[in-house]
1. Does Y177 satisfy being among the aromatic types (F, W, Y), in contact with a Gly (Cβ under 6 Å, 6 or more places away or on another chain) and within 16 Å of the ligand (Cβ to nearest atom)?
2. Among the residues of the range 102-152, which ones are under 23 Å from M82 (Cβ atoms) and among the small types (G, A, S)?
3. Pick out the one residue from S87, S94 that is in the same structural domain as P181 (by TED's automatic domain parsing), surrounded by fewer than 17 Cβ atoms within 10 Å (Cβ to Cβ), at pLDDT 95 or above and among the small types (G, A, S).
4. Report whether or not N108 is open to solvent by less than 80 Å² (accessible area, probe 1.4 Å), free of Cβ contacts under 8 Å to residues at least 60 places away in the same chain, among the polar types (S, T, N, Q) and in contact with a His (Cβ under 9 Å, 6 or more places away or on another chain).
5. Of all residues in the range 190-232, which are out of contact with any Lys or Arg (no Cβ under 9 Å at 6 or more places or on another chain) and more than 16 Å from the ligand (Cβ to nearest atom)?
6. Determine the pairs where a residue that is under 21 Å from S83 (Cβ atoms) and charged (D, E, K, R), located within the range 217-240, has a partner that is part of a helix (DSSP H, G or I) and modelled with pLDDT of 95 or more with Cβ atoms under 9 Å apart, the partner being 6 or more residues away or on another chain.
7. What's the number of the condition D367 fails, among (1) within 16 Å of the ligand (Cβ to nearest atom); (2) outside any loop (DSSP other than H, G, I, E, B)?
8. If you take the residues of the range 35-59 that are of a type in the set (S, T, Y) and touching a residue at least 24 places away in the same chain (Cβ under 8 Å), which of them is surrounded by the most Cβ atoms within 10 Å (Cβ to Cβ)?
Amino acid sequence: MGFSTDAIHAGQIPDPTTGAVITPIYQTSTYAQEALGKNKGFEYGRTHNLTRSALEANVAALEKGKYGIAFSSGLAATHALMSLIKSGDHVIVSNNVYGGTYRLYELNMKDYGIDFSWVNTSDIKNIELVIKPNTKMVFIETPTNPMLNLTDLDGTAKICKKNNLISIVDNTFMSPYFQNPLTFGCDIVLHSQTKYINGHSDVIGGILVTSDDKIHSRLRYIQNAVGSVPSPFDCWLILRSTKTLAVRMERHNYNAQQFTNYLMNSGIAKKVYYPGLVSHPQHELAKKQMRGFGGMISADFGDIEIAKKILNNVKLFTLGESLGGVESLISHPATMTHASVPKQEREQMGLTDSLVRFSVGLEDIEDLIQDVENALK
Ligand code: P1T
């Protein structure tokens, strides 16, 4: 089936009791058991919930995977991955990832005896260079937040297969509409569903998708054992949102390209980071592994005062954390999303104090451009 057909139908069967076309919100914590040891396959809400199952099947189909395992946030999903390894194991991670991923792994999971190497995975040779006998996992984010660096999915999957490592891709920035890492041979896809998948800035959620039976059964066990599950209502809201993911992503992509053209042609930014730009160093790779370039743009204004002027004076763009919603957001990665990354490491990857991140929403593009123009005046 095509993407939009799957988005609207996959995992959703009319409710068996009433025929309701839309999957109901099964807002229940427990299920009546007919007799001791006899039930309908549903025992407890943390373990089984049909609204959640429908969402998991839906997103799994969009990511071309067999299984979806939903969590209460993107970070809860990121944390669940740690259950696939043990103390004493080593993980290789892209050096530029969402700041919260860095904080969780480097500042928390390290205390549990897990070793992390942070490398620039834009050159996949850097992955091979740090593989050790105890390396178990490679975690990449592509494109990265907020520098929009890419990592070669096909090359990463091959290195991981050769060395018997689990490959994980945070696909949040592309959404399943523009990129499907499993089709390149990667093992697990991670999404902060808070972003494009839900897209309406009203839910915090995460999901892991895999086609590997063994990985799935471990993650399914952990989902229940740890219990960071999303509520039935949140699952329902996300399910409602995936139906329009294709049309939303097309418009995000269009608006971001127009906005990038404005930033480039007006000369107000010193540097613009967007994989759709021919001048992006990995534009060819972007065309190879992505079906669009997404709605995220970062721009370095070269001067913190210009950055501040824009951040403080825009009216349509909302100054705030998060991304991927219908409304445009603007943020300052150095003090917001990536504040926990040491300044020296930030600057090394180009994440300067004058860098501004735009999550271009679905408004009329002329109004968004005018908003920045007005802010600069
Ligand atoms: O916020 P949460 O749903 O827990 O997702 C964490 C997360 C994971 N991966 C990526 C690529 C992300 O961007 C995020 C969250 N990011 C922001 C809140 C932000 O403003 O960048």
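The values are calculated or read from the model by the stated rules, or taken from the named source; none is laboratory data. Please read these numbers as outputs of a predicted model, since none were measured by experiment. Neighbour counts run over all protein chains shown; Cβ positions are idealised from the backbone, glycine included. Note: areas computed on protein heavy atoms with side chains; ligands, DNA, RNA excluded. Shrake-Rupley method; radii C 1.70, N 1.55, O 1.52, S 1.80 Å.
1. No: the conditions fail for Y177.
2. Correct list: G113, S117.
3. Values: S94 fails: surrounded by fewer than 17 Cβ atoms within 10 Å (Cβ to Cβ).
On inspection, the qualifying residue turns out to be S87.
4. The answer is yes for N108.
5. Matches in the range 190-232: K214, I215, S217, R218, L219, R220, Y221, I222, A225.
6. Every condition considered, the pairs that remain are R218/S83; R218/L84.
7. With (1) within 16 Å of the ligand (Cβ to nearest atom); (2) outside any loop (DSSP other than H, G, I, E, B) applied to D367, the lone miss is (1).
8. Selected residue: T51.
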